[in-house]
Amino acid sequence: MISDTLDQRHRYTSLSPRFAAAFEFLEKLPANHPTGRYDIDGDNCFALMQSYTTQSRDLAKVETHRTYIDIQYIQAGRETMLWSPINALPQVTQPYNAEKDVIFYATPPQILPVTLSAGQFVIFFPTDGHAGGLEWGGQSEVRKVVIKVRA
């Protein structure tokens, strides 16, 4: 898991040949971009623009992916995300769904909260358990972009 600000994106472009295009998309993203899916490189790299109200931590759904790396960028608002290495996740609650590329897990007793606000991103690799959209000191309206990068 990596957490940083968009102005430091150049440090991470060497981690995947598709990261440069993903960060370029974020850099050019207008504030009023409609929600939905936006192809950057077809199914190899695409963006999901989201808008929502953060929820209580007790509603967290910890997940991992097999096919995609997530770059989750907060465009507006703030939220808490939770992180755990995959080998510390206690049990699968919903088995792998290949169509959605997701496995859900019970929340482990020890999980790291990561707080993000506008201009910050996190990168979750397939070995990173994570849950997002959670309150940070109360509810917040969030505009977030999740870029799916084929691992």
Single residue of Thr93, Thr80 found to be modelled with pLDDT of 95 or more and out of contact with any helix residue (DSSP H, G or I) (no Cβ under 9 Å at 6 or more places or on another chain): Thr93
Checklist (1) touching a Ser or Thr at 6+ places or on another chain (Cβ under 9 Å); (2) open to solvent by less than 50 Å² (accessible area, probe 1.4 Å) applied to Ile2, failing item: (1)
Strands (runs of 3 or more DSSP E) wholly inside segment 48-151 containing at least 1 residues that are within 29 Å of Ala20 (Cβ to Cβ): 62-64, 68-76, 78-85, 102-105, 112-117, 120-124, 128-134, 141-150
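Take the conditions open to solvent by less than 10 Å² (accessible area, probe 1.4 Å) and either closer than 20 Å to Asn44 by Cα or within 14 Å of the chain's Cα centre (by Cα) (or both) and apply them to Ala98. Does it pass?
no
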Qualifying positions in segment 71-92 - in contact with a Gly (Cβ under 9 Å, 6 or more places away or on another chain) and either open to solvent by less than 40 Å² (accessible area, probe 1.4 Å) or of a type in the set (Val, Ile, Thr) (or both): Gln72, Tyr73, Ile74, Gln75, Glu79, Thr80, Met81, Leu82, Ser84, Ile86, Leu89
Condition met for Glu63 (over 25 Å from Gln8 (Cα atoms) and within 13 Å of the chain's Cα centre (by Cα)): yes
Count - residues of segment 22-47 that are in a strand (DSSP E or B) and open to solvent by 70 Å² or more (accessible area, probe 1.4 Å): 4
Verdict on Ser16 being more than 16 Å from Pro108 (Cβ to Cβ) and open to solvent by 20 Å² or more (accessible area, probe 1.4 Å): no
Test result for Thr64, closer than 15 Å to Ile147 by Cα, among the polar types (S, T, N, Q) and buried (at least 19 other Cβ atoms within 10 Å of the Cβ): yes
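Considering only segment 36-56, how many residues are in contact (Cβ under 8 Å) with a residue 60 or more places away in the chain and in contact with a Phe, Trp or Tyr (Cβ under 9 Å, 6 or more places away or on another chain)?
Going through segment 36-56 one residue at a time, the tally reaches 7.
The values are calculated or read from the model by the stated rules, or taken from the named source; none is laboratory data. This structure is a prediction, so every number in the text was calculated from the model and none was measured. Reconstructed Cβ throughout: ideal geometry from the backbone, glycine too, with neighbour counts over all protein chains shown. What goes into the accessible areas is simple: the full protein's heavy atoms, side chains included, and nothing from ligands, DNA or RNA. Shrake-Rupley method; radii C 1.70, N 1.55, O 1.52, S 1.80 Å.
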